[in-house]
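To keep things clear, I will list the structure first and then write my remarks on it.
Please treat every number below as a calculation from the coordinates, not as lab data. Because the structure is predicted, anything quoted here is derived from the model rather than measured. Ideal geometry is used to build each Cβ from the backbone, glycine not excepted, and the neighbour counts take in all protein chains shown.
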Amino acid sequence: MNLARNPASPASTPTAAAGTAAAKNGSRRRRDRCPTAAALLVAVLILGSGPAAAVAPGNPAPDFTLATLDGRPVSLADLKGKWVALEWTNPDCPFVQKHYGAGNMQATQRAAAEARVLWLQINSTRPGHPDHKSARQMSDWLQAMKASPTYAALDEAGTVGRAYSARTTPHMYLINPAGQIVYNGAIDDRRSTDPADIAGARNHMRAAIAEAVGGKPVSLPATTPYGCSIKY
C-alpha cells in the first residue's frame with residue numbers, strides 16, 4: 001500500500017497508517033463473509049416478499065431441532081460456528097434421482113466435507129403420501145446411493161421445511177458459522193431430469209461453498225430452485 005509522505009497528513013503517520021490498513025482489512029473481511037449489495041438485490045428480486053424473504057441470503061437461518069435417522073437430535077444452534085449445508089430431498093423425485101443416480105449430489109457432499117462443511121439432508125414428505133419414507137427406508141436408500149451427508153433427518157410435520165420456505169426437491173441452503181444464510185436455491189442451472197445435462201451445468205451449491213469458505217462473497221447467493229414440489 002502506497003501512503004502519501006506529506007507530514008501534514010494524519011494518514012502518513014505509522015499509527016494512522018496501521019489504523020487505516022486495519023480498517024480496510026476489517027472491511028474486506030466483512031465483505032468476504034456477506035453477500036454484496038448487488039447480490040442481495042438480486043436475491044430480493046428472486047425471493048420476493050413474505051416468508052421466502054425471511055430466508056434470503058444475509059438473514060439469520062431459522063433454528064430447529066430434528067431427530068436424525070438413527071434417533072439422535074441435531075440442532076442448528078448446536079452447529080453454530082460451523083459451515084452448514086441443508087439439502088431437501090425425496091428419493092422418488094425424478095430430479096433427485098437425476099443427481100443421485102449420476103453421483104452429482106454425492107460428489108457435492110464430498111466437496112463440502114473436504115471444505116469442512118457439515119451437510120444435513122432433510123426429507124419433509126408427510127406421512128401417508130406415496131413418496132413418504134421411514135427412517136429405515138431413508139437409511140437404506142442413502143446406503144444404496146453411497147451418499148455421505150453428515151446428518152439425515154425426517155421433517156414429517158413439515159415445520160422446518162416451511163420455516164425455510166423450502167419449495168422443491170432438491171432445494172439447497174448454505175449457512176455460515178455466524179448462522180446467516182449465504183446461499184438459497186437450486187443445486188445447479190440445468191432445470192431438467194436428464195443426467196446428461198449435469199456435465200455442462202454450473203453447480204451453484206459447490207460454487208457457493210468454494211467462494212464462501214474461501215473468504216469470498218457468494219457471486220450468486222440466491223437462485224430459483226427447481227425439482228418436485230415438497231409433499232407437505
State the percent of C-alpha pairs, over all pairs in segment 120-189, separated by a distance greater than 20 angstrom. 35
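Going down the table (Lys82/Lys146; Lys80/Lys133; Lys133/Lys231; Lys80/Lys231), which pairs top 21 Å between alpha carbons?
On the way: Lys82/Lys146 24 Å; Lys80/Lys133 29 Å; Lys133/Lys231 12 Å; Lys80/Lys231 29 Å.
Long pairs (Cα-Cα over 21 Å): Lys82/Lys146; Lys80/Lys133; Lys80/Lys231.
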Got a sec? How would Val213, Val96 order by Cβ neighbour count within 10 Å, fewest to most? Val213, Val96
At Asp92 and Ser192, where each label point lies 7 Å from the Cα along Cα→Cβ, what is the point-to-point distance in nanometres? 2.6
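Can you give the alpha-carbon Rg of segment 35-229 over 2.2 N^0.38 Å, where N counts its residues?
Details: Rg = 15.3 Å, N = 195, 2.2 N^0.38 = 16.3 Å.
Taking the Cα Rg and dividing by 2.2 N^0.38 Å, one obtains 0.94.
Just to be sure I understand: of the beta bridges DSSP finds with both ends in segment 35-229, what percent are antiparallel, rounded to 5?
Numbers: 17 of 28 bridges.
DSSP beta bridges in segment 35-229 are roughly 60 percent antiparallel.
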